[in-house]
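Down below is the structure, laid out as structure tokens.
The values are calculated or read from the model by the stated rules, or taken from the named source; none is laboratory data. Just so you know, these numbers come straight off a predicted model, no measurement behind them. Please note: Cβ atoms are built from the backbone with ideal geometry, for glycine as well, and neighbour counts cover all protein chains shown.
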Amino acid sequence: MSNTETASMQCVPPLAAAGTFVSLSKFVIANDKTAEVKEAFRRRPHLVDEQPGFIRMEVFSPLDRPEEIWLVTYWTDAESFNLWHHSHLYQQSHKGIPKGLKLVPGETAIRHFEHICS
């Protein structure tokens with residue numbers, strides 16, 4: 001069993017080291033697809049999990065705004081993230097997005113960070 005499978009089964013993500021590259025994506029669902037989007041994340045195909053440089057992924061939704069989704073991925077470096085982000089597997093990983101999903105205009109953001117410490 002790989003480290004990723006073990007961590008996934010335990011729901012304990014591997015730790016990120018200082019200097020790790022972090023990508024945060026935020027979007028807000030505009031229609032009645034919130035439950036479907038959350039389920040799609042739970043049932044995601046895990047295509048990213050074995051990509052070079054990938055450390056872990058976490059998905060959050062604020063309790064006071066459940067239609068808002070924050071997707072956080074941790075990488076060893078920005079180059080690994082960029083290779084994934086422009087790959088055909090990245091495109092495939094989005095096939096589980098619910099049909100008819102609409103997002104709130106102006107509420108989508110992607111930010112990149114350096115992980116300092118946990």
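Structural remarks
- Strands (runs of 3 or more DSSP E) contained in segment 48-118 and holding at least 1 residues polar (S, T, N, Q): 68-75
- Pairs are defined by a Cβ separation below 6 Å, a sequence spacing of at least 6 or placement on different chains, a first member in segment 12-41 that is at positive phi, and a second member that is buried (at least 16 other Cβ atoms within 10 Å of the Cβ) and acidic (Asp, Glu); no pair meets this definition.
- Considering residues of segment 1-34 that are of a type outside the set (A, V, I, L, M, F, W, C) and in a helix (DSSP H, G or I) only, the residue modelled with the highest pLDDT: 34
- Evaluation of residue 92 against (1) exposed (fewer than 13 other Cβ atoms within 10 Å of the Cβ); (2) at pLDDT 95 or above (one fails), failing number: (2)
- Search result, residues across segment 34-58 that are farther than 22 Å from residue 88 by Cα and among the hydrophobic types (A, V, I, L, M, F, W, C): 35
- Residue check for residue 37: modelled with pLDDT of 95 or more, assigned to a helix (DSSP H, G or I) and of a type in the set (Val, Ile, Thr): yes
- Top-ranked residue of segment 39-57 - restricted to ones that are in contact with a strand residue (DSSP E or B) (Cβ under 9 Å, 6 or more places away or on another chain) and basic (Lys, Arg), ranked as surrounded by the most Cβ atoms within 10 Å (Cβ to Cβ): 56
A quick yes/no check of all residues on (1) out of contact with any helix residue (DSSP H, G or I) (no Cβ under 7 Å at 6 or more places or on another chain); (2) hydrophobic (A, V, I, L, M, F, W, C); (3) more than 18 Å from residue 20 (Cα to Cα):
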{"site": "46", "(1), (2), (3)": "yes, no, yes"}
{"site": "51", "(1), (2), (3)": "no, no, no"}
{"site": "71", "(1), (2), (3)": "yes, yes, no"}
{"site": "77", "(1), (2), (3)": "yes, no, no"}
{"site": "83", "(1), (2), (3)": "yes, yes, no"}
{"site": "93", "(1), (2), (3)": "yes, no, yes"}
{"site": "100", "(1), (2), (3)": "yes, no, yes"}
{"site": "104", "(1), (2), (3)": "yes, yes, yes"}
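- Residues in segment 58-89 that are in contact with a Pro (Cβ under 7 Å, 6 or more places away or on another chain) and not hydroxyl-bearing (Ser, Thr, Tyr): 2 in all.
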